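Asks: Structure in structure tokens, see below.
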Amino acid sequence: MSAFPHAHYMKGAHEPPQFVADVGAEVCFGGRSNSGKSSAINAITQRNALARTSKTPGRTQLINFFELEMGRRLVDLPGYGYAKVPRPLQEHWKKLLEMYFRSRKSLTALFLIVDVRRGLGEQDWQMIHFARSCGRGVHILLTKADKLTRNEGASALAAARRELGTEATVQLLSVPHRTGVDDARRVLREYLGAKEPGDGVPVAG
């Protein structure tokens with residue numbers, strides 16, 4: 001059974017006036033194109049087709065709003081760092097994201113998706129600093145952990161924790177092996193104020 005059985009797509013926004021009503025609570029998911037963002041969203045929500053996955057990076061071109069439960073939303077942001085996206089569109093996304101972060105009172109946190117093999121890049125740090133400057137929490141998912149050995153994964157996680165300090169919490173995630181999926185879901189529920197009965201606050205940092 002899905003963790004969010006009533007989850008559904010609400011709308012996509014190309015301009016700020018198209019954002020859904022700013023009520024309740026929402027968590028946004030961002031990251032480089034091809035970092036595994038859509039797969040992570042689908043695994044965490046246990047909805048295989050909630051976010052559209054594609055072998056073509058840069059497919060998400062709108063800010064897409066999904067209602068998980070009444071008054072609680074997940075927001076899929078456009079991926080960044082894909083060279084084939086036209087410069088005008090890249091600039092539009094940058095301005096749209098800035099307006100989104102600065103205007104959304106219901107936004108509680110950013111889930112940043114980072115390919116564990118690449119590590120944190122300049123644009124990832126820009127997202128972290130921007131979210132933090134707007135008073136939002138940041139939780140980082142180091143995806144594709146199944147591509148590393150256990151020791152390599154542990155080393156990458158330790159290095160990310162040292163690099164991030166108190167700026168964000170961070171964890172490993174492997175969608176095929178389901179490593180970290182339940183932990184990520186608990187963090188999401190905590191930020192949305194939708195904690196499952198019996199769940200504690202995970203130690204993710």
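What follows is calculated from the coordinates using simple rules that are stated; it is not laboratory data. Quick caveat: nothing in here was measured; it's all calculated off a predicted structure. Heads up, the Cβs are rebuilt from the backbone with ideal geometry, glycines too, and the neighbour counts pull from every protein chain shown.
Conditions (1) assigned to a loop (DSSP other than H, G, I, E, B); (2) touching a Cys at 6+ places or on another chain (Cβ under 9 Å); (3) farther than 22 Å from Lys144 by Cα, marked per residue:
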site: Pro88; (1), (2), (3): no, no, yes
site: Glu98; (1), (2), (3): no, no, yes
site: Arg102; (1), (2), (3): no, yes, yes
site: Lys105; (1), (2), (3): yes, no, yes
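Asks: Ok, one more. Among the residues of region 136-156, how many are in contact with a strand residue (DSSP E or B) (Cβ under 9 Å, 6 or more places away or on another chain) and either of a type in the set (Gly, Ala, Ser) or surrounded by fewer than 19 Cβ atoms within 10 Å (Cβ to Cβ) (or both)? Before you say what the answer is, go through the steps one by one.
Replies: Narrowing region 136-156 to residues in contact with a strand residue (DSSP E or B) (Cβ under 9 Å, 6 or more places away or on another chain): 136-148, 153-154, 156.
Filter again for either of a type in the set (Gly, Ala, Ser) or surrounded by fewer than 19 Cβ atoms within 10 Å (Cβ to Cβ) (or both), leaving 136-137, 145-148, 153-154, 156.
Adding up the residues that qualify gives 9.
Asks: Also, I was wondering about something else. Considering only region 180-195, I want to know if a residue exists there that is part of a loop (DSSP other than H, G, I, E, B), surrounded by fewer than 20 Cβ atoms within 10 Å (Cβ to Cβ), touching a Lys or Arg at 6+ places or on another chain (Cβ under 9 Å) and without any contact (Cβ under 8 Å) to a residue 12 or more places away in the chain.
Replies: Checked region 180-195: at least one residue is part of a loop (DSSP other than H, G, I, E, B), surrounded by fewer than 20 Cβ atoms within 10 Å (Cβ to Cβ), touching a Lys or Arg at 6+ places or on another chain (Cβ under 9 Å) and without any contact (Cβ under 8 Å) to a residue 12 or more places away in the chain.
Asks: Can I ask one more? Hey, among Leu141, Leu112, which residue is within 24 Å of Ala49 (Cβ to Cβ), assigned to a strand (DSSP E or B) and out of contact with any Phe, Trp or Tyr (no Cβ under 7 Å at 6 or more places or on another chain)?
Replies: On the way: Leu141 fails: out of contact with any Phe, Trp or Tyr (no Cβ under 7 Å at 6 or more places or on another chain).
Just a single option satisfies the conditions, and that option is Leu112.
Asks: Of (1) touching a Cys at 6+ places or on another chain (Cβ under 7 Å); (2) under 21 Å from Ser39 (Cα atoms), Ala156 satisfies all except one. Which?
Replies: (1)
Asks: I'd like to verify a number: residues in region 147-176 that are out of contact with any Gly (no Cβ under 6 Å at 6 or more places or on another chain), assigned to a loop (DSSP other than H, G, I, E, B) and under 21 Å from Val187 (Cα atoms), how many?
Replies: Residues of region 147-176 out of contact with any Gly (no Cβ under 6 Å at 6 or more places or on another chain): 147-168, 170, 174-176.
After this cut, where a residue has to be assigned to a loop (DSSP other than H, G, I, E, B) as well, the list is 148-149, 165-168, 175-176.
Now narrow it down to the ones that are under 21 Å from Val187 (Cα atoms): 165-168, 175-176.
Qualifying residue count, region 147-176: 6.
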